[in-house]
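Please read the structure below before turning to the comments.
Derivation of every value follows stated rules applied to the coordinates shown; laboratory data play no part. If you're wondering where the values come from, they're calculated on a predicted model, not measured in any experiment. Cβ sites come from the backbone with ideal geometry, for glycine too, and all protein chains shown count toward neighbours.
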Amino acid sequence: MTKELILVLNCGSSSVKFSIIDPIKEVTYIDGIVETVNSVTSLIIKNFIKNKKLFKKFDKVESYKKLIILIFDILIDQYKNYLNNVIGIGHRVVHGGEYLKKSMIINSFILSKIQESSIFAPLHNPFHLLAINVALKKILKLKNFNVAVFDTAFHHTLPKESFLYAIPYHFYTDYSIRRYGAHGINHFYITKQSSIFLKKPIFKLNIISCHLGSGSSITAIVNGKSVDTSMGLTPLEGLVMGTRCGDIDPSIIFYMVKKLGISIDKVQKILTENSGVLGISSISNDFRKLEEKYNINKKAKLSIDIFCRRVSKYICGYSSLMCGRLDAIIFTGGIGENSSLIRYKIINKLSLIGCFLDIDKNLKNNKKIMFINSIKSIPILVIPANENQIIAKETYDLVKKSIL
Ligand code: AMP
């Protein structure tokens with residue numbers, strides 16, 4: 001076993017994913033997830049080296065802190081031989097705000113900056129902070145080797161004309177209100193993988209990366225750098241999502257509050273938790289369920305059609321930012337990787353920009369990188385998302401640098 005492994009923690013509000021990875025060989029040794037559904041907390045850990053699976057169920061673990069402690073206790077107890085070789089812990093952090101522009105070794109100053117950015121990611125950053133604090137205390141030998149890898153960092157190359165909102169300028173200078181984007185870790189991974197598969201150096205690569213999952217975002221990448229992205233100050237802006245509304249006229253909010261008497265907190269909940277395809281269909285935020293009903297339920301069809309139309313519009317819009325050459329369009333994320341129907345519906349509207357599907361290739365689903373375009377088309381790729389590889393490598397690089 002390699003002596004230099006990285007533990008990656010990816011803490012969402014409803015689930016915690018963790019992996020132990022060899023960042024150089026890009027091999028995952030351990031992969032785990034803890035989730036609470038209704039009154040049960042379940043834990044699954046796959047050991048790829050021994051080809052074994054651990055499955056445990058607990059009464060609902062009430063506090064998030066206790067959930068993280070549980071993970072560390074199990075890792076310390078049952079996966080000690082791997083943990084002993086871990087040289088750093090990489091934490092995915094959704095929002096780094098204006099200040100945190102690249103991955104950082106965590107210290108009290110960085111913690112305070114992550115805390116400050118919580119205002120822009122209230123459903124994510126507070127959970128990251130809890131996990132970091134447990135990690136710092138539980139594995140003392142790694143106290144100085146916890147690294148924060150930010151989902152916003154890749155988008156710090158956005159030019160001002162992309163990241164500024166057309167509101168009075170002082171809201172940016174005084175309050176840092178601007179577009180930050182999200183999913184940057186995966187958009188960066190997609191950029192790296194595209195460079196390999198298209199045999200083009202990153203600094204010459206012009207692509208549009210479509211991360212379509214329960215949260216969705218799309219990024220225009222020119223010369224390997226993010227130049228525009230659909231998520232904004234928070235992950236609420238942009239594409240239609242599972243439960244989030246994406247782009248809407250802000251006047252809807254004034255109308256709901258002033259005319260309909262809905263409280264501002266309720267409006268926030270409506271737009272983040274009750275909207276998107278769930279809100280339109282009243283069926284589900286799970287695209288698999290909506291697809292099952294696509295031909296038999298009008299609202300299920302409508303919600304998918306609205307979702308796809310928005311993605312097509314963004315792709316065509318972003319094609320205008322490509323400085324005259326679009327090397328590829330990439331689909332990634334749970335939907336982008338798995339749904340041939342949704343890819344078909346999106347690409348169907350892209351003939352004007354030279355995108356044509358190979359129907360048979362599009363129907364394949366082999367969990368591998370694949371081209372799905374026809375011969376006359378610009379390349380269209382499906383690339384499985386992999387944030388962990390980037391988090392592990394960034395963590396490894398920073399830890400090695402600080403040891404030397
Ligand atoms: P993610 O957030 O990237 O994990 O993606 C989760 C989303 O992907 C959920 O809405 C799932 O319903 C969706 N998804 C996963 N597999 C499929 C599939 N085969 N067809 C359509 N949607 C899928």
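With an 8 Å Cα cut-off and a minimum separation of 6 or more residues, compute the relative contact order for the range 94-193 in percent.
Once divided by the residue count of the range 94-193, the mean separation gives 33 percent.
How big is D for the chain, in µm² s⁻¹ as a whole number, if Stokes-Einstein is applied with the Kirkwood radius of its Cα pairs at 25 °C and 0.890 mPa s?
Here the translational diffusion coefficient equals 111 µm²/s.
Quick one: check the C-alpha center-to-center distance for the range 17-36 versus the range 158-221, whole angstrom.
Distance between centres, Cα-based: 26 Å.
Could you give log10 I(q)/I(0) at q = 0.13 Å⁻¹ for the range 275-337, computed by the Debye formula over C-alpha point scatterers of equal weight, without solvent?
Log-scaled intensity ratios, in q order: -0.44.
At 7 Å along the Cα-to-beta-carbon direction for both Asn84 and Val257, put a label point, then send me their distance in nm to one decimal.
5.8 nm
Taking neighbour counts of Cβ atoms within 10 Å as a proxy for exposure, in what order, fewest first, do Tyr79, Tyr165, Tyr180 appear?
Details: Tyr79 19, Tyr165 14, Tyr180 30.
Arranged by neighbour count, lowest to highest, Tyr79, Tyr165, Tyr180 become Tyr165, Tyr79, Tyr180.
By its C-alpha gyration tensor, with a ≥ b ≥ c as the square roots of the eigenvalues, how is the range 75-233 shaped: rounded for a/c under 1.5, else prolate for a/b larger than b/c, else oblate? Write out the running numbers ahead of the final one.
On the way: a/c = 2.38, a/b = 1.33, b/c = 1.79.
Oblate.
Per 5 Å bin from zero, what fraction in whole % of the C-alpha pairs of the range 27-146 is there, up to the bin with the longest pair?
Spelled out bin by bin, the range 27-146 gives 2, 10, 19, 20, 19, 16, 10, 4, 1 percent.
For the chain, what is the percent of antiparallel DSSP beta bridges, rounded to the nearest 5?
That works out to approximately 70 percent antiparallel.
May I ask you to derive the relative contact order of the chain, considering only C-alpha pairs under 8 Å and at least 6 residues apart, and to give it as an integer percent?
14 percent
Return Asp31, Asp228, Asp77, Asp305 ranked ascending by Cβ neighbour count within 10 Å, so the fewest neighbours appear first.
Result, fewest neighbours first: Asp77, Asp305, Asp31, Asp228.
Hey, which of these cross-link pairs are over 23 Å Cα-Cα: Lys259/Lys313; Lys137/Lys192; Lys102/Lys138; Lys17/Lys56; Lys25/Lys364?
Details: Lys259/Lys313 31 Å; Lys137/Lys192 34 Å; Lys102/Lys138 25 Å; Lys17/Lys56 15 Å; Lys25/Lys364 28 Å.
Lys259/Lys313; Lys137/Lys192; Lys102/Lys138; Lys25/Lys364, as the Cα separations exceed 23 Å there.
Relative contact order for the range 223-378: what is it in percent, counting Cα pairs under 8 Å that are at least 6 residues apart?
15 percent
Could you tell me how far the Cα centroid of the range 229-272 sits from the Cα centroid of the range 79-138, in Å?
Comparing the Cα centres of the range 79-138 and the range 229-272, I get a distance of 28 Å.
As an exercise, identify the trypsin sites (Lys or Arg not before Pro) in the range 338-377 lying in DSSP coil whose Cβ has no more than 15 other Cβ atoms within 10 Å.
Those that pass, being in a loop and sparsely packed, are Lys364, Lys367, Lys368, Lys376.
If each residue of separation counts as 0.36 nm, what is the full-extension length gain between Lys313 and Asn223 once their alpha-carbon separation is subtracted?
30.2 nm
Using label points projected 7 Å from each Cα along Cα→Cβ, tell me how many nm separate Phe371 and Ile44, to one decimal.
According to this spin-label approximation, the distance is 3.4 nm.
Shape verdict for the range 268-404, please, from the Cα gyration tensor: rounded (a/c under 1.5), prolate (a/b greater than b/c) or oblate.
Since a/c reaches 1.5 but b/c is at least a/b, the shape of the range 268-404 is classed as oblate.
Counting other Cβ atoms within 10 Å, keep those with at most 16, restrict to DSSP loop, and tell me which GluC sites (Glu not before Pro) in the range 1-76 are left.
Numbers: sites: Glu4, Glu26, Glu35, Glu62; in loops: Glu4, Glu26, Glu62.
Those that pass, being in a loop and sparsely packed, are Glu4, Glu26, Glu62.
Give the residue list of trypsin sites (Lys or Arg not before Pro) in the range 38-72 that are DSSP loop and have at most 10 other beta-carbon atoms within 10 angstrom.
Here the sparse-neighbourhood loop sites are Lys50.
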